[in-house]
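Visitor: This is the structure I have questions about; it appears just below.
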């Protein structure tokens, strides 16, 4: 009789230590739900999508707000194609120190449609209480908007998004942080 395999889940601190030691130097590795996963490479089409979304989001943020683009998310490493845009309103003279309000939007780009991003990563983002998760689907030319995180025992990590909307041009979408501002879906696609 064969003994069943046991998976060992990595802890964030263990993984970060290995990265600091250079163990994964040059390898596109992500830590997702305790497992090491080879990340999708970012090509020029993917990079164009990131730039378009960055420009579109910066265009709707009012004066006095700062927009930051980061490549590090709670469920992944900084090598991930997942990105987070956060915008905050800073008190004059204390930029970056005292933040009154912060809004976040997480986005993923896929060169191919991926149930992995919809189910596993989506479940992690919902568990992290990310209110607005967008998947920019480059294959189908749509933006999938996930909102209203809620507990769901049947989901990969115990959470899911209650609201899921697929938007194609000429539709528009409003980030939750700036619901009065609309972005054309066409402006989010290369």
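Visitor: Can you give me the distance in nm between label points at residue 150 and residue 187, each placed 7 Å from the Cα along the Cα-to-Cβ direction?
Guide: According to this spin-label approximation, the distance is 3.1 nm.
Visitor: Label residue 13 and residue 162 with points 7 Å out from Cα along Cα→Cβ: what is the distance between them in nm?
Guide: Inter-label distance under the simple model: 3.6 nm.
Throughout, read-outs are computed from the coordinates displayed, never taken from laboratory work. These numbers come from a predicted model, not from an experiment. Counting neighbours? That spans all protein chains shown, and the Cβs are built from the backbone with ideal geometry, glycine included.
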